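Engineer: Okay, handing you the structure first.
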Protein chains: 2
Amino acid sequence: MPKSKRLLELMMTVNRKRKFTVKELAQEFGVSTRTMLRDLQELSELGVPLYSEVGPHGGYQVLKERILPPIAFSEEEAVAMFFAVYALRHYSSLPFETESASALDKFYLHMSGDVRDRIDQMKNRVDFVTPTRQQESPFLSILLEAAVQQKVLLIEYESRGDEACRHIQPIGIYANNGLWFCPAYCFLRKDFRIFRCDRIHSASFDTEGTEPMDLRHVHLGNRESFFRTEKAITGLYADLSQKGVQMCEAVLWLGSHLHVREDGTGWLEGPIPQNDLAFYARFFIGLGNEATVKQPAELISYMKRLFAEIMSKYD
Amino acid sequence: MPKSKRLLELMMTVNRKRKFTVKELAQEFGVSTRTMLRDLQELSELGVPLYSEVGPHGGYQVLKERILPPIAFSEEEAVAMFFAVYALRHYSSLPFETESASALDKFYLHMSGDVRDRIDQMKNRVDFVTPTRQQESPFLSILLEAAVQQKVLLIEYESRGDEACRHIQPIGIYANNGLWFCPAYCFLRKDFRIFRCDRIHSASFDTEGTEPMDLRHVHLGNRESFFRTEKAITGLYADLSQKGVQMCEAVLWLGSHLHVREDGTGWLEGPIPQNDLAFYARFFIGLGNEATVKQPAELISYMKRLFAEIMSKYD
DNA sequence: TGATTTCGTGACAATTATTGTCACTATTAT
DNA sequence: ATAATAGTGACAATAATTGTCACGAAATCA
């Protein structure tokens, strides 16, 4: 095999194996150890971060930095990748230890001039906004680790001003609207709960030997089905004006409930959990006179009660 | 220069130049044209998408696919990049023509086994949620292009059920909460306006010769200062219960107005534009009895009027 | 301690790959 | 037609690559 190709293959091979000896690779590539040594030195010069130790159980290692073999990206793809990573700058906390900024710099630096120009031109013209929050979430890494490794955590959690310790087993973390959430099994409540990560004031692996649940099959994609054990369901129906429709369109969690007529007006229809009546009451009051709730009666009476309470404040 | 190094340099050079002739490169690298031909063929075999045309003004070209030279990413960086791009899957529309999915696949495929394992483990455990909408925004590309190239567009825009043509000059596009928005100069209103991209029903470059404004200095980062020419400002003060504080924390646009006391209660204080009273009224009504507005009087009376209207519906 | 394993380096001849040259073909724009 | 360009094949000259051997240095282990 000609040297030029061997070097490229070698690059991929050393990335695959984390650890190896010169002899081992020499045999694999069918060259002498001397040649392999020379090749490895060349790779080193080309920037592959190799590290070696002598002695038995010694050998070569690729340091944590990995060389990504040359990948063919189309210009569009490269630009899309750039902006995807660029969007992460809005997050004050991330579950990845290193700053994604460093990845971005490398990526940017390695791209050819005109792609870079293109990006510069677009940099202030496209954005994926995420509201920036003051709240920091310092325990994202450990929460994620616990989710991946199925471990139990002991956390201090602030809820309504109180602080309490809880044993939880995270099933993942997700960012929504600039805040991080952690759905987890709560050993205190013996059920699944969602925790807001910025309210977690400490987190450490459980040392009291709480037996982890087998939650490998529960993940962010299917957690809904484990959560939504809502018992009581009730039917909602509400009329919407044109403006009401527009306001509802901008609201995420009622996507499928919204129906629009030709003239722009519409209605909301669908089942809602009884427990959330308070939430829906507030929502519809917020819509003001752009919405008229027809059903369920409980919701209407709840809204009236709420009215009375609020009104009393302003008299 | 040894061949192996020459090939790597060549790879980067052909990426820099879009177009070149064999002779040109041969001179640059100090080899014969024959050798350069052989090298180019090798590059081709290695996956660089080269294309050639004979004849005067012919020559070699690299097709739109670009080879990314080997980059050293740390494992953390690669993982962060993966999830950044992975998050784009939530968007039903993107301003980039190709699917970012293809970039993701390539990236994933080229990573070594254990990084891939790590990603697989994390895939269902981390997410950057963006509400998925039904609304498609098919004109993102042209809006972006117009913003970058300072061009005027003619759009059909739906506003409150009506549809109207407008000449606009976009200054950028951004996604927020799953919806795309386009701040732009509106030649109809002779001022800056924000357009919701899914309400744009057609868009094409202006052919009537509308003279573009010089908006090179206006971009997503500083547009606020051009927009916020709100005239009337008024002072807001509202008390919040513990729960009220928590609800406000989850709301983005009043970040700096929120103050929290030791005991978890708090207050909102700060200037708000007179025009937005209607909006704030709805918001505070939505907070129910967790908030008590003290100032301004106009807001309180607005809220009362709104109450009356709503109440009349349910009696 | 001494045997063993491993990386690391230098020298040199044998072997191979690489290169340049030349002669030629094919295509295309002017 | 002419000139510019890619593309191919053959072959000798050249230069890079390779293997071998000899040796050093560091670490582990019995």
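The values are calculated or read from the model by the stated rules, or taken from the named source; none is laboratory data. Keep in mind the model is a prediction, meaning the values are calculated, not measured. Note: ideal-geometry Cβ built from the backbone for every residue, glycine included; neighbour counts use all protein chains shown. Side chains included, ligands, DNA and RNA excluded: accessible areas come from the protein's heavy atoms. Shrake-Rupley method; radii C 1.70, N 1.55, O 1.52, S 1.80 Å.
Engineer: Among the residues of the stretch B:30-48, how many are open to solvent by less than 30 Å² (accessible area, probe 1.4 Å) and either more than 12 Å from DNA strand D (Cβ to nearest atom) or aromatic (Phe, Trp, Tyr) (or both)?
Structural biologist: 1
Engineer: Same structure again: Of these, B:Ser159, B:Ser141, B:Ser137, which one is under 18 Å from the mean Cα position of the chain (by Cα) and within 12 Å of chain A (Cβ to nearest Cβ)?
Structural biologist: Details: B:Ser159 fails: under 18 Å from the mean Cα position of the chain (by Cα); B:Ser137 fails: within 12 Å of chain A (Cβ to nearest Cβ).
Only one candidate passes the filter, namely B:Ser141.
Engineer: So is B:Val54 within 8 Å of DNA strand D (Cβ to nearest atom), modelled with pLDDT of 90 or more and more than 9 Å from chain A (Cβ to nearest Cβ) or not?
Structural biologist: Working: within 8 Å of DNA strand D (Cβ to nearest atom): yes; modelled with pLDDT of 90 or more: no; more than 9 Å from chain A (Cβ to nearest Cβ): yes.
So B:Val54 does not fit the description; no.
Engineer: Buried (at least 16 other Cβ atoms within 10 Å of the Cβ), more than 9 Å from chain A (Cβ to nearest Cβ) and modelled with pLDDT of 90 or more - does that describe any residue in the stretch B:103-123?
Structural biologist: No, that holds for no residue.
Engineer: List the strands (runs of 3 or more DSSP E) that sit entirely inside the stretch B:258-315 and contain at least 2 residues that are surrounded by 13 or more Cβ atoms within 10 Å (Cβ to Cβ) and in contact with an Asp or Glu (Cβ under 6 Å, 6 or more places away or on another chain). It would help to see each step written out before you state the result.
Structural biologist: Details: elements: B:258-260, B:266-273, B:291-295.
Output list reads B:266-273.
Engineer: In the stretch B:1-18, which residues are within 21 Å of B:Val54 (Cβ to Cβ) and near DNA strand D (Cβ under 9 Å from one of its atoms)?
Structural biologist: Once the filter is applied, which keeps residues that are within 21 Å of B:Val54 (Cβ to Cβ) and near DNA strand D (Cβ under 9 Å from one of its atoms), the stretch B:1-18 yields nothing.
Engineer: Please work out if A:Leu46 is touching a residue at least 60 places away in the same chain (Cβ under 8 Å), more than 11 Å from DNA strand C (Cβ to nearest atom) and within 14 Å of chain B (Cβ to nearest Cβ). Can you show your working first?
Structural biologist: Details: touching a residue at least 60 places away in the same chain (Cβ under 8 Å): no; more than 11 Å from DNA strand C (Cβ to nearest atom): yes; within 14 Å of chain B (Cβ to nearest Cβ): yes.
When the stated conditions are applied, A:Leu46 does not pass them.
Engineer: Okay, moving on. Return yes or no: is B:Arg189 in contact with a strand residue (DSSP E or B) (Cβ under 9 Å, 6 or more places away or on another chain) and at pLDDT below 90? Full working, then the answer.
Structural biologist: Working: in contact with a strand residue (DSSP E or B) (Cβ under 9 Å, 6 or more places away or on another chain): yes; at pLDDT below 90: yes.
Criteria met by B:Arg189.
Engineer: Kindly provide the set of residues from the stretch B:1-21 that are away from DNA strand C (no atom under 11 Å from the Cβ), open to solvent by less than 70 Å² (accessible area, probe 1.4 Å) and under 27 Å from A:Met11 (Cβ atoms), ordered by number.
Structural biologist: Quick first cut of the stretch B:1-21, residues away from DNA strand C (no atom under 11 Å from the Cβ) only: B:8-9, B:11-21.
Applying the additional criterion that residues be open to solvent by less than 70 Å² (accessible area, probe 1.4 Å) yields B:8, B:11, B:13-15, B:17, B:20-21.
Across the stretch B:1-21, the qualifying residues are B:Leu8, B:Met11, B:Thr13, B:Val14, B:Asn15, B:Lys17, B:Phe20.
Engineer: May I ask you to list the residues in the stretch A:1-25 that are under 25 Å from B:Glu45 (Cβ atoms) and hydrophobic (A, V, I, L, M, F, W, C)?
Structural biologist: A:Met1, A:Leu7, A:Leu8, A:Leu10, A:Met11, A:Met12, A:Val14, A:Leu25
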